[in-house]
Amino acid sequence: TYLRCLELFNRQFEKGLHAAKAGVAEETLEGRVPSTPVSLTFLRQVITEGNAKAEIIRSGDLIPLTETSQHGAEGFDDKNLHEWLQAGRIFALSHEGINYIPAYAFDNATRQPLVCLEAVVAVLKTQNDGWGMAFWFASPNNFLGGRPPKDLLLSHPGRVLVAALEEAGGEVMHG
């Protein structure tokens, strides 16, 4: 429930964030006093978003692109990663200048993107950036018995896709 709330909060936050406030958010996350006055609510939003992103980074679910060669096998190189990202077979996100891909996106045996992930990413990317997708995959989902979608990609990919479709339709309930 907590991560789902953060995900929804993040979406609204990003939609309402103006270019001028982006600098303020960066200053705040860096621990500096904002150069222009902002509301306490805005500061809380910035801090909450930063905490949520830190939780996802600390989870171990993401692979920094600089370390992919340590995790991959044959065929898991920069060219393939670029092709998979362009084709929407996987997604990526950026944090503090480092690009990440989800570790749960790959079949452990073949080191290829999971077949079902492409369809889920296609559905989710209509409303989410990489961060939004990472939050969604990590959040407990009522359509999946309260389990996060990332935990069911291998065992119940069809159910994960249905949950993504429900999410895109705005009817999903997490908890």
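Quick notes on this structure:
- Long-range amide H partners of residue 63 with built H, under 5 Å: 101, 103
- Percent of Cα-Cα distances greater than 17 Å, calculated over segment 113-175: 26
Every number here is computed from the coordinates shown, using simple stated rules; none is lab data. Source: prediction; values computed, not measured.
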